[in-house]
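First up is the structure itself, then whatever we jot down about it.
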Amino acid sequence: MPVLTARKNQQNSGLAASILSSIETFAQSVAGIAPTAAPVMTIAIVYSMAGNGAWLTYLIAMLIMLATGFCINVFASRLASSGSLYTYVTQGSGKLAGFITGWSLLGTYVASIACCPIQFSIFVNALLQDFGQTTVSPFFIVALCLIATSIIACLNIKLSAELMLWIEITSIAIILVLCACVIVHGGFALDIQQLSLKGVSGQGIFMGLVMAIFASIGFESSASLGVEANQPTKKIPQAIVNSVLITGVFFIFTSYVIVQGFEEMPGKLAYCPTPVTTLANHIGFNWLGKLVNLGAAFTFFACALAGTNAAARILFTMSRDGFCHSIFSRIHHKNRTPMTAIIITTTIACGASSLLMFGKQSLMDIVGYLGSIATYCCLVAYVIVSISASLYLKKINQLRVMHIVVSLFASLAMVGAFIGTLCPIPPAPYCWLPLFCLTYFVIGLFYYGRKKTHMAEGATNIDYSIETY
């Protein structure tokens, strides 16, 4: 089938071309999601809202993300670029929409890169406490984490992908082993209260849905590997869909098992900051709780690495298109990675997290602030790419009713998720975070206007050509 590709050859882009296998491309998307975060941190929040409907909440979130992934794959199956959704939307809706999407993703990834090392430090110190050791300053752990991610990201994208793959496989396996122990401990009995949705309300499901969607953002990050992935118009769509499906099923299963496990401890799950570790201790597997903390720590390290890879490649592409300073388009001559973009991205993230920690905020509060900012920015990108998918298909005369329906469902679901974060109005400072994000976008639009006046009309560094797959 003839498809329009935006593959940059190695000579033009400088990035290492076609070196990542299917599983390595898939690892980028999975690491971007950080699936272990849902059972170890967010399940308690989802349960506090949705109750026995927590598993259903994650199921609905998975369907929404699949619809969004379908819209992204409209582009990913036809276009291959390191620019990810920025390039996709530019082709579907023009430069302004593309820039806003790229700006949104940069906000998402930088906030995530700043957030994940803090979560990493929380679990590292939890491990030290488990073994009776003195905790270490979060500043030191955050800096060490970001230095390590920068070095790995600069060295080799294949090394990054393989490391993320093994981290995620190991951390997921630990959680699944714990779930198996909980099931055996409970005697393999079905949880009728959950399956019958006892005490569950539609409002609770909707409120919990916001957090369940937050647990899944980042699945699109493999789209930034359009140059480096082998057979990108085939492997990247597979990575996007499979990452949503596999992590979605993982979320549904683990939420069901954790809620069932806490039935012997009535009322505790909704207020438990460490549900998986608490559950492991309750069934007498304290050592497994320590392994969970270890797996959680490294899954956040992998998530920071995935965000660094994606953000740097979007900056690299936007720089080559004239929207960012040319310094971001520099490639390491030997490793063929966007080294300058990587270093600057992690430096900004480190500055953001350090500034918040200097403000004497609790680490969990900082995670909440940065996570909310990442979610708001990502929702904007998802809405735009969902709408742009139909516009792009119309442009190439391939639009069908199904595409319109899925685009509307995905975009409206994301808008609904945004509204859900504001109704009821959250307490300060969370009520101010949407205004912070709005300011961020206003700055972006001002910057776009300034840059556009210095760019030749229609200038681009992306070579579009017809290829057959």
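Rule-based calculations on the coordinates, nothing more; no lab input. Source: prediction; values computed, not measured. Positions of Cβ are backbone-derived with ideal geometry, glycine not excepted, and every protein chain shown enters the neighbour counts.
Odds and ends about this structure:
- The share of alpha-carbon pairs in region 110-168 lying farther apart than 20 Å comes to 34%.
- Here the alpha carbons of region 269-343 define both size measures, Rg and Dmax, at 20.1, 59 Å.
- Column: log10 I(q)/I(0), Debye, Cα scatterers of region 375-461, q = 0.12, 0.15, 0.20 Å⁻¹: -0.56, -0.80, -1.01
- Alpha-carbon centroid distance for the pair region 341-409 / region 215-256, whole angstrom: 15 Å
- 3J(HN,Hα) from dihedral phi, region 84-101, Karplus parametrisation 6.51/-1.76/1.60, rounded to Hz, x for glycine, proline: 6, 5, 4, 5, 4, 5, 4, 6, x, 10, x, 5, 5, 4, x, 5, 4, 5
- Note, ³J(HN,Hα) from phi for region 56-70, Karplus 6.51, -1.76, 1.60, rounded to Hz, x at Gly and Pro: 5, 4, 5, 5, 5, 4, 5, 5, 5, 5, 5, 5, 5, x, 4
- The H on the amide N of L20, modeled in the peptide plane, is under 5 Å from the matching H of A229, N230, each at least 5 residues off or on a different chain.
- Segment W432-Q231, length gained on full extension (0.36 nm per residue, minus Cα span): 68.0 nm
- Here each label is just a point 7 Å from Cα along the line to Cβ, and for S201 and I151 those points are 5.2 nm apart.
- Dipole magnitude for the chain: computed about the Cα centre from +1 point charges on Lys and Arg Cβ and -1 point charges on Asp and Glu Cβ, it is near 1160 debye.
- The value of relative contact order for region 105-192, using C-alpha pairs under 8 Å at least six residues apart, is 19 percent.
- A simple spin-label model places pseudo-atoms 7 Å from Cα toward Cβ; at K360 and Y447 they are separated by 3.2 nm.
- Computed from Cα positions, the angle between helix 339-358 and the longest principal axis of the chain comes to roughly 40 degrees.
- Unit charges at the beta carbon, dipole of region 2-468: most positive-side option, G187, Q203, S386: S386
- Fewest-first sequence of C423, C115 by Cβ atoms within 10 Å of each Cβ: C423, C115
- Modelled FRET efficiency - R0 41 Å, H333 with L190, Cβ distances, 0.05 increments: 0.10
- For H333, H403, the sequence from fewest to most other C-beta atoms within 10 Å is H333, H403.
- Cα-based radius of gyration of region 221-267 once divided by 2.2 N^0.38 Å, which approximates compact folds: 1.81
- In the chain, Cα pairs under 8 Å separated by at least six residues give a relative contact order of 35 percent.
- Within the set (i) 1.05; (ii) 0.94; (iii) 1.25, the number that Cα Rg over 2.2 N^0.38 Å takes when calculated for this structure is listed as (ii).
- Too-long pairs where the Cα-Cα distance tops 20 Å, listed order kept, from K95/K451; K95/K158; K395/K451; K95/K452; K198/K268: K95/K158; K395/K451
- Whole-Hz couplings from phi, Karplus 6.51/-1.76/1.60, listed for region 16-28; x for Gly and Pro: 5, 8, 6, 10, 9, 7, 4, 5, 6, 5, 4, 4, 4
- The separation of region 267-324 from region 96-157, counted between C-alpha centres, amounts to 9 Å.
- Positive end of the dipole of the chain (Cβ unit charges, origin at the Cα centre): among L79, H282, T439, the Cα lying farthest that way belongs to L79.
- Residues I366, I151, I192, I240 arranged by fewest to most Cβ contacts within 10 Å: I192, I151, I366, I240
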